[in-house]
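Take a look at the structure below.
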Amino acid sequence: MTTLTAQQIACVYAWLAQLFSRELDDEQLTQIASAQMAEWFSLLKSEPPLTAAMDELENRVATLTVRDDARLELAADFCGLFLMTDKQAALPYASAYKQDEQEIKRLLVEAGMETSGNFN
């Protein structure tokens, strides 16, 4: 059972979608290390299934803040995770998977989501 509200859960999904959609820019990198995000991480850590992952995330963010090449390292990680071939990466694009386009759209509508023209 979660103590997070539906709106907070939606924020988590939106945040993850933003992180996985493109490489972080300088503004996003600054934001992820901000006091506001630390408060958000603290709230998420209060959920027992998320505690260990959030501790790890906070450690990784702290490591990034002292690196001069943080953005470059994150860009390399993003490329390795999402921009390689489907045999080497977890492509975050529905078109990379062999499913009927209408079926995917139906599933998105059922979940209250829609596709963005930026990624078609």
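Mind counting the residues in the range 1-13 that are in a helix (DSSP H, G or I) and either of a type in the set (D, E, K, R) or exposed (fewer than 11 other Cβ atoms within 10 Å of the Cβ) (or both)? Selection size over the range 1-13: 2.
Restricting attention to the range 64-109, the residues that are at pLDDT 85 or above and of a type in the set (D, E, K, R) add up to 6. For the range 33-61, the set of residues classified as farther than 17 Å from residue 4 by Cβ, assigned to a helix (DSSP H, G or I) and in contact (Cβ under 8 Å) with a residue 24 or more places away in the chain consists of 61 only. Only residues that are surrounded by 14 or more Cβ atoms within 10 Å (Cβ to Cβ), farther than 17 Å from residue 80 by Cα and not hydrophobic (A, V, I, L, M, F, W, C) were counted in the range 14-33, giving 1.
Considering the conditions (1) at pLDDT 90 or above; (2) within 21 Å of residue 76 (Cβ to Cβ); (3) of a type in the set (A, V, I, L, M), residue 19 is excluded by exactly one of them, (1).
The values are calculated or read from the model by the stated rules, or taken from the named source; none is laboratory data. Note that this is a predicted model, so its numbers are computed, not measured. Backbone-built Cβ (ideal geometry, glycine too); neighbour counts: all protein chains shown.
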